[in-house]
1. How large is ³J(HN,Hα) for each residue in region 92-107, as worked out from phi by the Karplus curve 6.51 cos²θ - 1.76 cosθ + 1.60 (θ = phi - 60°), to whole Hz, x for Gly and Pro?
2. Sorting check: for 267-276, 174-183, 11-20, which peptide has the highest mean count of neighbouring beta carbons within 10 Å, and how do the rest follow?
3. How would His264, His184 line up from fewest to most surrounding beta-carbon atoms within 10 angstrom?
4. List the relative contact order of region 3-350 as a percent without decimals, with contacts defined as Cα pairs under 8 Å and 6+ residues apart.
5. Would you please name the trypsin sites (Lys or Arg not before Pro) within region 47-132 that are DSSP coil residues with at most 15 other C-beta atoms within 10 Å of their C-beta?
6. Check region 3-350 and count each lysine pair with an alpha-carbon distance under 18 angstrom, considering only pairs eight or more places apart or from different chains.
7. Would you please classify the overall shape of region 118-221 from the alpha carbon gyration tensor, given that a ≥ b ≥ c denote the square roots of the eigenvalues, rounded means a/c under 1.5, and beyond that prolate means a/b larger than b/c while oblate covers the rest?
8. Give me, ordered by chain and number, the residues 5 or more places off Tyr249 or on other chains with an amide H under 5 Å from its own placed amide H.
Amino acid sequence: MPTTTSFGTTHDGTAVQLYTLTNAHGLQVSITNYGGTITSLLVPDKDGKLSDIVLGFDNVSGYQSPEYLKSGPYFGALIGRYGNRIAKGKFTLDGKQYTLATNNGPNHLHGGQKGFDKVVWQAEPGTSADGQTLTLSYLSKDGEEGYPGNLNVMVVYTLTNDDALKIDYSATTDKATPVNLTNHAYFNLSLGQSDDVLEHEVTLHASRYTVVDDTLIPTGELRPVPGSPFDFTRPHHIGERIEQVPGGYDHNWVLNPGSGDGAHPAALVYDFASGRTLTVTTTEPGVQFYTGNFLDGTLQGKDGITYGKHAGFCLETQHFPDSPNHADFPGTILHPGTPLQSTTVYAFGVRK
Ligand code: BGC
């Protein structure tokens, strides 16, 4: 069974826990029920040495400090009700216009002022045939952050004995509502050895990406990647062409559909220095590849490490940003009677 320890007390006086899941090879993931946040993830390097490869803090106060809340990086957190942006915080559903908080310039981001990253989830540690599990549940009430419907969300983290972190998302609602769930882990496969991830080599299984305006809202165009710095159909170092992308990578790639409705490959990351690989598969149609462009060295995390620009990268599997305002994007409206199911697997390995 996973172990449970205290992770401190939130600002409003709620005691929160840290659950540590261990697999047959000694890999370990720690997750707190505050925001369903992955706080550390120990995986072996090419010499078999285990070390932490995600950005975060070792106490809940790190996630509630004024500096953290001001910069809003969402380290390792579960994101909802709607991952990424909704233009001007507005959408129309069944003839009714809804207005959400605008917490990112003119737009709504990652669920609003108090998204799923800032709530305390009900947690149940357990085991399954695949490995140790943590089941998190949360009821997002009708009207919360301006969204319609009581939304029951369940997220199951499994640390599998074949060295993967599997995240199963499910949700049901009693009124139609937009839903787009993801996890916002920042990886650095050489954390503690390298200050940034520019040397990591990335492959994205996507031949198009969603073009955005200067507030990062999709224009609607799905642009083919060939000939551009967005072409990761073959491996490229993150840093190789990043200067050609104003601000750095912070875009949604349109994943090539797999055969059937099941999971398809999303990404492969290789870090030569540690030998570590990260392979991402998902049932989602898109992935936000974000290169920590807004990290600026003001946050210091676990082990005294300061997080500067590009200290980590995120691969947020998701439906496309602002889908409620783009009828031709894959739908994100959840209806009563039709549960949402979504799975993403982050698998770890090494190349020697
Ligand atoms: C967004 C970024 C944002 C980051 C942290 C990403 O998903 O696309 O623009 O800065 O999350 O909030």
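1. The phi angles translate into 10, 9, 6, x, 10, 8, 10, 10, 10, 4, 9, 10, 8, x, x, 10 Hz.
2. Answer by packing, highest mean first, reads 174-183, 267-276, 11-20.
3. Taking fewest neighbouring Cβ atoms as first place, the list is His264, His184.
4. 18 percent
5. Qualifying residues, ordered by number: Lys49, Lys114.
6. 11
7. Oblate shape, in that a/c is at least 1.5 and b/c is the bigger or equal ratio.
8. Answer set, sorted by chain and number: Thr291.
Values in this text are rule-based calculations from the coordinates and carry no lab data. Remember, it's a predicted structure, so these values are computed and weren't measured experimentally. A quick note on method: Cβ atoms are made from the backbone with ideal geometry, for glycine too, and the neighbour counts reach across all protein chains shown.
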